[in-house]
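The values are calculated or read from the model by the stated rules, or taken from the named source; none is laboratory data. None of these values were measured; they are calculated from a predicted model. Don't worry about glycine lacking a Cβ; one is built from the backbone with ideal geometry, like all the others, and counts go over all protein chains shown. Just the protein is used for accessible areas: all its heavy atoms, side chains included, with ligands, DNA and RNA removed. Shrake-Rupley method; radii C 1.70, N 1.55, O 1.52, S 1.80 Å.
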Amino acid sequence: MALGAPIDTQRRQQNTQAILTHTLRTPIEEPKLGVVTPNGAAIRSFREKCGLSLRRLAHLIDRDPGFVSRIEAEQRGAAEDTLRHIAAVLQVPVAAITREKPRDQE
């Protein structure tokens, strides 16, 4: 099993580089968000599909891992800029990682 470890590490480094390159080159030009809340399960799912650890995602968006963990556990919300950064790193639209709040909660 030790033979697979270097390949996995190399693949993760390539994925991280691709994410950083995409994030830095792609301007974030989405319309203003309405009243939304993060969908923690969706964020976790996309993060795992990208092969990113929670710590790596936190580093890429310049936030504390505990903060990201609480977002994924839906124990706290996130600002619009944070949601946009998460979406850019995960290469998904913001709508894929958020839920609209009911009107009575605005």
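Somewhere in the range 17-33, is a residue surrounded by 16 or more Cβ atoms within 10 Å (Cβ to Cβ) and either at pLDDT 90 or above or under 16 Å from Ala96 (Cα atoms) (or both)? The answer is no, given that none of the residues of the range 17-33 is surrounded by 16 or more Cβ atoms within 10 Å (Cβ to Cβ) and either at pLDDT 90 or above or under 16 Å from Ala96 (Cα atoms) (or both). When the residues of the range 34-78 are filtered to those that are in a loop (DSSP other than H, G, I, E, B) and among the β-branched types (Val, Ile, Thr), which remaining residue is modelled with the lowest pLDDT? Among them, the one singled out is Val35.
Answer yes or no: is there a residue in the range 44-52 that is open to solvent by 30 Å² or more (accessible area, probe 1.4 Å), farther than 24 Å from Gln13 by Cα, out of contact with any Lys or Arg (no Cβ under 9 Å at 6 or more places or on another chain) and small (Gly, Ala, Ser). So far as the range 44-52 goes, no, none of its residues is open to solvent by 30 Å² or more (accessible area, probe 1.4 Å), farther than 24 Å from Gln13 by Cα, out of contact with any Lys or Arg (no Cβ under 9 Å at 6 or more places or on another chain) and small (Gly, Ala, Ser).
As for the range 84-99, it holds no residue that is among the polar types (S, T, N, Q), touching a Leu at 6+ places or on another chain (Cβ under 7 Å), open to solvent by less than 70 Å² (accessible area, probe 1.4 Å) and at pLDDT 95 or above.
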